[in-house]
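The values are calculated or read from the model by the stated rules, or taken from the named source; none is laboratory data. None of the values given here were measured: they were computed from a predicted structure. Reconstructed Cβ throughout: ideal geometry from the backbone, glycine too, with neighbour counts over all protein chains shown. When the accessible area is computed, the model is the full protein with side chains, heavy atoms only, and any ligands, DNA or RNA have been set aside. Shrake-Rupley method; radii C 1.70, N 1.55, O 1.52, S 1.80 Å.
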Amino acid sequence: MNANPLLDFSGLPRFASIRPEHATPAFETLIAEARATIERVVADPRAPSWESVAEPVADTLDRLQRAWGALRHMNAVANTPALRDAHNGNLPAITSFYADLGQDERLYAKYRALAASPSFEKLDDARRRVIDNELRDFKLSGAELPDDDKARFKAIQEELATLTASFDDHVLDATNAYALYVDDPKRLAGLPDDVVTEAREAAQAEGREGYKLTVRMPCFLPVMKYAHDRTLRAELHRAQATRASDLGAKPEWDNTPLIERVLALRLEAAKLLGYPHYAAVSLVPKMARSTDEVLAFLRDLAERAKPYAERDFAELLTFARDRLDLAKLEPWDIAYASEKLMNERYAFSDEAVRQYFPEDKVLAGLFRVVETIYGVRIRESKAETWHPSVRFFDIADQAGTTVAQFYFDNYAREHKQGGAWMDDAINRRRTASGVQIPVAYLTCNLPAPVGQGTKMRPALFTHDDVITVFHEFGHGLHHMLTQVEVLGVSGIEGVEWDAVELPSQFMENFCWEWDVLRHMTAHVDTGEPLPRELFDKMIAAKNFQSGLGTMRQLEFGLFDMLVHSAYVPGGRGGRFASPQAVLDAVRADVRVLPVAPYDRFMHAFGHIFAGGYAAGYYSYKWAEVLSADAYSLFEELGVLSPEAGARFRDEVLARGGSRSALDSFVAFRGREPQLDALLRHNGMTTSSA
Ligand SMILES: [Zn+2]
């Protein structure tokens with residue numbers, strides 16, 4: 001056993017022993033080892049083969065990834081100042097190692113030679129795909145460009161990194177700088193008490209009387225939904241919709257020139273790589289095959305959803321006129337009127353639903369679904385963890401052999417990052433000493449049990465919480481039920497980005513099945529299962545305004561795809577004079593709700609101008625179509641059908657990134673994906689119109 005637990009790869013991470021001071025020596029060692037391995041590989045005079053190139057690189061990267069994964073995980077779930085320093089202090093060395101690796105032309109040459117060698121054809125699909133992915137990634141990072149272009153390409157990437165960071169900063173600064181001080185508490189009528197208290201405390205903190213309202217989500221959304229004062233809603237709406245724009249508070253926060261520059265640089269980089277536009281580059285590693293395919297997909301969905309969105313809006317107009325005395329619906333009335341309508345139609349409280357979902361019942365229900373459809377057994381087990389409330393489980397196959405393991409860290413607590421996610425602790429691969437089984441971290445931030453001893457009440461989950469657990473478990477199964485034996489395409493590794501949410505969203509469907517919910521609910525006091533009447537209301541509420549919700553996503557997706565393909569920055573010969581003109585055109589096509597003339601949504605659209613969703617925003621809907629359509633086979637063969645389950649396990653989960661997501665889908669479903677199931681699940685079919 002190594003004295004430094006981060007350098008011990010004999011089994012699970014040794015969480016009880018890992019200390020912040022282990023980090024720097026461990027990563028210095030591992031990075032030095034990795035660099036030495038790469039030097040050996042590129043200097044190897046033998047003809048390149050899987051064994052002489054890919055395997056040693058995978059070995060050394062696996063160790064680095066496992067150790068870094070353990071530290072990153074602890075930093076996220078058991079944070080201390082010392083641990084954060086250890087993480088942040090080693091991050092630059094890790095980042096720079098991977099950056100060098102991605103640009104190592106000698107290694108690229110080795111992979112190219114390997115792909116051209118006779119031994120390549122003899123490799124299995126998974127190994128060939130690893131090499132193809134390597135070549136693709138080298139190419140997309142500019143490895144094939146002549147030296148001049150390479151320097152320009154690198155400069156573009158650097159400028160883009162700065163610009164996209166500024167984009168976010170501007171939005172954040174504009175958001176933080178805005179305040180609306182209200183003296184008269186009557187103006188806050190309708191707002192939940194906690195929002196009012198928060199607003200009063202915010203004013204007090206600045207030594208002021210009255211209330212401070214902001215455009216941060218925890219204040220902005222409740223005002224839009226609940227504030228009876230229409231002028232208050234209008235004022236905050238304008239402030240929120242003009243952030244970081246030409247109509248915003250400060251010219252230095254205006255993102256207009258930045259958007260133009262980002263688009264110009266992305267186009268230039270795409271052209272250097274030999275592509276017509278940025279969208280084409282973005283799609284190379286994705287499941288969608290072309291810009292046309294994505295645009296056709298979005299437009300088809302828009303055409304089918306629009307009548308339902310129009311119906312949603314007509315209902316809202318009638319309700320607002322008859323019940324709220326609003327003759328005309330302005331943009332700042334939509335959320336308010338919708339909330340009232342939703343409440344009138346489907347009033348039920350999340351709190352009431354929660355009483356039926358105690359943790360043990362939910363987990364037992366989840367495990368029952370997984371065990372029934374995939375033919376596995378889940379048993380609680382033991383391992384070193386980072387907190388006493390963390391549980392650990394084994395997954396065994398029919399023969400009783402452990403095939404995977406996972407940590408379940410369910411509760412919110414101090415020093416733990418918010419949200420829910422799945423991360424890999426160990427990836428499945430075959431090594432000289434046998435198969436290394438996959439291990440997952442499943443992390444949520446759910447309410448913990450309350451009280452102690454005999455007075456203890458179990459943790460109670462809202463239905464949304466339950467969906468979150470199922471969702472993350474779906475990612476977990478993708479990682480854990482893989483049968484692939486090589487790194488890079490085992491589990492969720494190497495899965496196309498627009499298909500990664502398929503197994504997770506797929507699992508959510510079970511949370512809407514009466515036959516599943518019946519067995520996973522028991523009222524915390526009476527033990528009664530969820531009443532059918534309550535379930536029916538939940539289903540109806542789920543599809544409330546689904547037409548409008550769909551059109552909103554399609555507006556964003558179409559704008560993103562068009563601004564990255566059809567718009568030519570500077571207006572040089574393109575169809576559109578400006579990014580705003582692209583948005584206006586999209587809205588003319590698909591927008592059902594009114595738009596405020598001052599609306600500058602684009603200027604705060606960080607997903608595509610600051611985040612990783614550029615020419616990828618469509619993925620949300622794309623993956624929903626896949627998951628709904630995959631689930632429809634279960635609707636045909638039986639919701640807990642082991643036959644459908646085995647097919648999904650073998651053709652999708654087991655394959656991971658070892659073949660294209662489309663091939664996996666077709667192998668599972670017997671055809672390409674179709675929209676019908678998604679429309680049906682959202683209540684958008686002719687029978688429901
Ligand atoms: Zn997810």
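Of note:
- Qualifying positions in the stretch 582-613 - of a type outside the set (Val, Ile, Thr), crowded, with 23+ Cβ neighbours inside 10 Å and under 15 Å from the mean Cα position of the chain (by Cα): none
- The stretch 207-219, residues that are farther than 14 Å from Thr197 by Cα and either buried (at least 19 other Cβ atoms within 10 Å of the Cβ) or modelled with pLDDT under 95 (or both): Val215, Arg216, Met217
- When each of Leu101, Leu107, Leu135 is tested for being open to solvent by less than 40 Å² (accessible area, probe 1.4 Å), modelled with pLDDT under 95 and under 30 Å from Lys154 (Cα atoms), the lone residue that passes is Leu101.
- Yes/no for Trp497 being surrounded by fewer than 23 Cβ atoms within 10 Å (Cβ to Cβ) and within 16 Å of the ligand (Cβ to nearest atom): yes
- Being assigned to a helix (DSSP H, G or I), under 23 Å from Arg323 (Cβ atoms) and without any contact (Cβ under 8 Å) to a residue 24 or more places away in the chain is a property that Thr197 lacks.
- Residues in the stretch 63-86 that are part of a helix (DSSP H, G or I), open to solvent by 30 Å² or more (accessible area, probe 1.4 Å) and not charged (D, E, K, R): Gln65, Pro81, Ala82.
- Every residue from the stretch 377-387 that is of a type outside the set (Asp, Glu) and more than 27 Å from the chain's Cα centre (by Cα): Arg377, Arg379, Ser381, Lys382, Ala383
- Residues of the stretch 338-346 include none that is acidic (Asp, Glu), on the phi < 0 side of the Ramachandran plot, at pLDDT 95 or above and in a helix (DSSP H, G or I).
- Flag if Gln436 is open to solvent by 20 Å² or more (accessible area, probe 1.4 Å) and within 16 Å of the ligand (Cβ to nearest atom): no
- Members of the stretch 375-400 that are part of a loop (DSSP other than H, G, I, E, B) and under 23 Å from Leu640 (Cα atoms): Gly375, Val376, Asp397, Gln398, Ala399, Gly400
- Trp421 passes every criterion in (1) in contact (Cβ under 8 Å) with a residue 60 or more places away in the chain; (2) closer than 17 Å to Gln65 by Cβ; (3) within 16 Å of the ligand (Cβ to nearest atom); (4) open to solvent by 20 Å² or more (accessible area, probe 1.4 Å) apart from (1).
- Listed here are the helices (runs of 4 or more DSSP H) enclosed by the stretch 455-532 that have at least 2 residues being over 25 Å from the mean Cα position of the chain (by Cα): 514-517.
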